[in-house]
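See below for the structure under consideration.
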Amino acid sequence: MSALSASTPVDDTAAHAPAPTMQGTAGDAASPAAIGRLSRSVAAGSARSIRSQKKALETLKSALVAIRANDFERATQRALDSLRIDETNGLAWHVLAICQEKTNQFGAALHAYEAALGLLPDHSDIAHDLGRLAQRLGHLEIAEKLLLKFLALNPGHIEAINNLACVMRDQNRYGDAIETLRPMLQIEPESAVLWNTLGTVLNDQGRLDEALTFFEEALRLEPGFAKARYNRANVRRPLGDIAGAISDMEAAMPGAESGYEVAMMSMAHALMLMAEARIPEGFEAYEVRLDPHLPDAMRVAVPAPRWDPKTQDIRGRRLLVVGEQGIADELVFANCMNDVIEAVGPEGRVYLSVEARMVGLFQRSFPRAIVGGHKAVRLEGRLTRYVPFVEELPEERAPEFWTPMASLMAVYRPTVASFPHHNGYIQADPERVAHWAGELARLGPGLKIGLHWKSLVMTGARAAVFASSFQLWEPILSAPGCHMVNLQCGDVSSDLATAEAAGIKIWTPPIDLKDDLEDVAALSVACDLVIGPGIAGTNIAAACGARTWMSAAPDDWHLMKTDHYVFYPETRIFVRGAVDGWPDVIATMRAALDKAVAGSWAAT
């Protein structure tokens, strides 16, 4: 299996996702121009082929006719028929790859593109198509090599230069991306595609006001450019233009050029609806997260049908609830677990699959459910979630239905008022809480402040949403009357060394902060306060009822037009400004922390 199509486990430490990735990648392997080039290649090959090869190429022509009619299933069969006649036909492999990509068979498409490129190494269009797909699936280094190979044979190609800049952007190489775009913009200042991509680079850096300028320039040049309108929508909302953002998004959606773009735009629209508290409409729209056109859409491998709450009464039945996305999201959407446990009643049974590191926390919190871990594997580019513990159950105890955890929201949270008031619905181990309270007491008098400062997943736009320069936290770290406790998972040795060099002491507990989530939860509860952005660690603290302060982006959908996370009503939220908001929000946190040190928690 190639490096592009290998099966890999998935790290579920991600925090709540920001708006779907900005759209900048240009080109379509099945565009009329691309299929026209392929048709000419097939015709040229047919003119000089031997008899058997001519038959294969004639069959391939019918595949191209089917592609033009958007009948990719028929085109796939005709491409396969051509390969049965001549398996060394690189053009047939290229056509098959295009068809498989269009039908979301990403692993098979990667294999077919690689086969085509091996047989036709001089056909640079194959490298470009494969590079686009590799980028879409997150294979950024490979995508960059393929695009550079294409550009070596096609210098000055606008689409390829644009896409190379997108790959650099997705690697957080913002300077390289800008320098890749700059000379091309000087040559092609009327290219809406290039201005749009420049806007996405600035957006990823959190420079939303500047990004808006470039999206508007792209739309001035090409008013019907759906990607630019989508991108403008995603910056208008955090900048405060909510009506304009929703209007832009709804105007962009009909112009989506592929199933992938339709799904991406629909996802962003759903997040906007939820942010505006338009529920359950927003939660129903959020089902698009499972659309197979999205490479990260979850596919669940369980031998049971999905539950339809509109037609199937769940009382007395056996239901499997499958946690999804990352740790933070499983904690957020667990908000509905008690509701569904009550709905099945004492004669029914709820099975709950969550991240394996949280099984103990969830079993303690929901003793009437049977909790086990799930496994996520990215198999040939597709995310598949398995639930091993239910596979071992006898038939008479096996789940009759399953449902994604987040889909419970549309059933049990139809209004903001329907969210229950609570001080934590996940229970940390009380013995471990007592243990860590004793360890914290050894640090001496003063408030014990658990600190997070960045997400473990720091790609693309997440870098602007979930991280600030560690030096910006200095006002918090140096607050008098406090002991700082490191709760940040991942390798933060350089950050801790920076703090130590500045004379700031940060105590790191002797545990694995990434994997020992039982202790992370207990330590969070034992602290006087946990501070950080809305990532997995702060969600653990908030869900367990620890006093928690979170920073949030101005368009964070979890607020739902309130001044707090509706999922964690006791958590205090500090909303950042859309542009350069970190210094002000940290200063506000520091002022609140000073009041807390003075014993005035109520004033904070």
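The values are calculated or read from the model by the stated rules, or taken from the named source; none is laboratory data. Model, not experiment: these values are computed from the prediction. Note that each Cβ is placed from the backbone with ideal geometry, even for glycine, and that neighbours are counted across all protein chains shown. Protein only, heavy atoms only, side chains kept; ligands, DNA and RNA dropped before computing areas. Shrake-Rupley method; radii C 1.70, N 1.55, O 1.52, S 1.80 Å.
Percent antiparallel among DSSP beta bridges with both residues in the chain, to the nearest 5?
Values: 7 of 44 bridges.
Beta bridges within the chain, antiparallel portion: roughly 15 percent.
Testing the spin-label approximation: label points 7 Å from Cα along Cα→Cβ at E281 and N70. State their distance in nm.
Placing both labels 7 Å along Cα→Cβ, they lie 2.6 nm apart.
Just the accessible area for I187, please: 1.4 Å probe, Å², rounded to the nearest 10?
The value for I187 is about 120 Å².
Please state the relative contact order of region 354-427 as a whole percent: Cα pairs under 8 Å, 6+ residues apart?
In percent, rounded to a whole number, it is 28.
Put a dot 7 Å past each Cα toward the Cβ at D313 and S418; how far apart are the dots in nm?
With each label point 7 Å from Cα toward Cβ, the separation is 2.0 nm.
With a 1.4 Å probe and all protein chains left in place, how much of the accessible area of the chain comes from carbon and sulfur atoms, in whole percent? Provide the component values of the computation, followed by the final result.
Numbers: 12620 of 24260 Å².
Accessible surface attributable to carbon and sulfur in the chain totals 52 percent.
Quick one: if you take sqrt(5λ) for each eigenvalue of the C-alpha gyration tensor of region 209-343, what semi-axes come out, biggest first, whole angstrom? List each step's numbers first, then the result.
Details: eigenvalues 244, 53, 32 Å².
In descending order, the three semi-axes are 35, 16, 13 Å.
For region 63-142, just say rounded, prolate or oblate: build the C-alpha gyration tensor, square-root its eigenvalues into a ≥ b ≥ c, call rounded for a/c under 1.5, and beyond that prolate if a/b exceeds b/c, oblate if not.
oblate
7 Å from Cα along Cα→Cβ at both S478 and T588: what's the point-to-point distance in nm?
Between S478 and T588, the simple spin-label model gives 2.2 nm.
Which of rounded, prolate or oblate describes region 258-297 when judged by the alpha-carbon gyration tensor and an a/c cut-off of 1.5?
Details: a/c = 2.98, a/b = 2.08, b/c = 1.43.
Here region 258-297 falls in the prolate category.
Kirkwood-based Rg over Rh for region 517-604 (C-alpha set), two decimals?
0.96
Using the C-alpha atoms of region 369-453, what convex hull volume per residue, in cubic angstrom, is computed? Write down the numbers at each step before the final one.
Values: hull volume 21.2 nm³, N = 85.
Measuring per residue, one finds 250 Å³ for the Cα hull of region 369-453.
Tell me, what is the FRET efficiency for I187 and A497 to the nearest 0.05, using R0 = 41 angstrom and their Cβ-Cβ distance as r?
Numbers: r = 45 Å, r/R0 = 1.11.
About 0.35, to the nearest 0.05.
Assuming 0.890 mPa s and 25 °C, estimate D for region 126-216 with Stokes-Einstein, Rh taken as the Kirkwood radius over Cα pairs, in µm²/s. Walk me through the intermediate numbers first.
Values: Rh = 13.0 Å.
D = 188 µm²/s.
Under the 0.36 nm per residue contour assumption, what length would be gained going from the current alpha-carbon distance of T88 and Q363 to full extension?
Details: separation 275, 0.36 × 275 = 99.00 nm, distance 5.54 nm.
Once the chain is fully extended between T88 and Q363, it gains 93.5 nm.
Can you tell me the accessible area per residue over the chain, all protein chains present, probe 1.4 angstrom, in square angstrom? Mind dumping the intermediate values first?
Details: 24260 Å² over 604 residues.
Result: 40 Å² of accessible area for each residue.
Compute the length gained on full extension between E141 and L153: take 0.36 nm times their separation in residues and subtract their Cα-Cα distance, giving the result in nm to one decimal. The partial results should precede the final answer.
Working: separation 12, 0.36 × 12 = 4.32 nm, distance 1.92 nm.
Difference between extended and current length: 2.4 nm.
On the full set of protein chains, 1.4 Å probe, figure out the accessible area of F401 and give it in Å² to the nearest 10.
20 Å²
Give a quick list of trypsin sites (Lys or Arg not before Pro) in region 337-440 that DSSP marks as loop, anything other than H, G, I, E or B, with at most 14 other Cβ atoms within 10 Å. Could the numbers behind the result be given before it?
Values: sites: R349, R357, R364, R368, K375, R378, R382, R385, R397, R432; in loops: R368.
Sites meeting the loop and neighbour criteria: R368.
By how many nm would the segment from L443 to Q171 lengthen if fully extended, with 0.36 nm per residue of separation less the alpha-carbon distance? Mind showing how you got there, number by number?
Numbers: separation 272, 0.36 × 272 = 97.92 nm, distance 4.01 nm.
Contour length minus the Cα-Cα distance gives 93.9 nm.
If I model region 296-425 as equal point scatterers sitting on the Cα atoms and use the Debye formula, what is log10 I(q)/I(0) at q = 0.12, 0.19 Å⁻¹?
-0.43, -1.12
Nearest 10 degrees is fine. How inclined is helix 32-47 to the longest principal axis of the chain, computing both from alpha carbons?
40 degrees
Write down the radius of gyration of the chain and its Dmax, each obtained from C-alpha positions, in Å.
Expressed in Å, the Cα Rg and Dmax of the chain come to 26.2, 90.
If you average the C-alpha positions of region 484-501 and of region 527-604 separately, how far apart do those two centres end up, in angstrom?
Cα centres, region 484-501 to region 527-604: 20 Å.
Got a sec? Which residues in region 121-135 would a label at D296 touch, if it sits 7 Å along Cα→Cβ and we count backbone N under 16 Å?
135
What is the helix-to-structure angle for 242-252, meaning the angle in degrees between its Cα long axis and the longest Cα principal axis of the chain, kept from 0 to 90 and rounded to the nearest 10?
The two axes meet at around 20 degrees.
Relative contact order (percent) for region 218-326, with alpha-carbon contacts under 8 angstrom and 6 or more residues of separation?
Details: 93 pairs, mean separation 17.1, N = 109.
Computed value for region 218-326: 16 percent relative contact order.
As I understand it, the value is the acute angle between the Cα axis of helix 430-441 and the longest principal axis of the Cα atoms of the chain; what does it come to in degrees, rounded to 10?
In the chain, helix 430-441 runs at an angle near 70 degrees to the longest axis.
Quote the Stokes-Einstein diffusion coefficient, in whole µm² s⁻¹, for region 380-419, based on the Kirkwood radius over alpha carbon pairs, a temperature of 10 °C and a viscosity of 1.306 mPa s.
On the way: Rh = 13.2 Å.
Estimated via Stokes-Einstein, D reaches 120 µm²/s.
I need to check one value: relative contact order of the chain, counting alpha carbon pairs closer than 8 Å and at least 6 residues apart, in percent.
14 percent
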